[in-house]
Amino acid sequence: MNNSDATHDRRQRFDRIVAVFYMDMFRYAAWLCRDKSIAEEVVQEALLRAWKSLDALRDDAAAKQWLLTIVRRENARYFERRRLETVDIDNLTASQSAMLAEAPNEELNDLREAIYELEDDYREPLVLQVLMGYSTNEIAELMGLKQGAVLTRLHRARLKLKDEVASEEAS
């Protein structure tokens, strides 16, 4: 096999893997960083890193976890490199202000906000389990934790969400 064929095969493998897991990568990044535009940047950086290290992926069956680990690390790198711009909400234009007030489903938005407000240690395993469908073993491996720690974090995350929803309903 010549160099051109090898490059073509590598590109096809990469495209096949990314086609299957791109939306999972984006969803995970969006939940980690809480901002779709930042999530897009994080995923793009993750894709570049994945392309460069594609040869390290020995088994395509492990691609999802491999890619999500890269996304997780790129998210951390993003926030290490950048100081995020803050916006003074008192000085928004009319269209920007209208975007903040948009709430088509108040209960869903409340739940989403409650999840966003969770500390990273609780939000991340909850998102991995509930939205991404990972088992506690897979979450433990992905986050570098023991399964018991993951179970504890999931339990506490649910308790915090339950308390937040109950306090919202009471007010």
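All of the numbers you see were taken from the coordinates with simple rules; none came from a lab. Since this is a predicted model, take the numbers as computed values, not measurements. Positions of Cβ are generated from backbone atoms using ideal geometry, with glycine treated the same way; all protein chains shown enter the neighbour counts.
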In whole Å, what is the distance between the alpha-carbon centres of segment 1-65 and segment 102-146?
22
Diffusion coefficient in µm²/s returned for segment 1-85 by Stokes-Einstein, Kirkwood Rh over C-alpha pairs, 25 °C and 0.890 mPa s, is 183
Residues meeting the amide H criterion for LEU145 (H placed from the backbone, H to H distance under 5 Å, 5 or more places apart or on another chain) are none
Please report the Cα spread of segment 104-165 along all three principal axes, rounded to whole Å, starting with the longest.
37, 20, 14
Going by how many other Cβ atoms sit within 10 Å of their own, how do LYS52, LYS160 line up, fewest first?
LYS52, LYS160
When the charge dipole of segment 104-165 is computed with +1 on Lys and Arg Cβ and -1 on Asp and Glu Cβ about the Cα centre, the Cα farthest towards its positive end, among TYR122, THR136, LEU111, belongs to THR136
Likely footprinting exposure, VAL127, VAL18, VAL43, fewest C-beta neighbours within 10 Å first:
VAL18, VAL127, VAL43
Counting other C-beta atoms within 10 Å, which of LEU151, LEU142 has the fewest, and how do the rest follow?
LEU151, LEU142
The simple spin-label model distance between LEU159 and ARG16, using points 7 Å out along Cα→Cβ, in nm, is 4.7
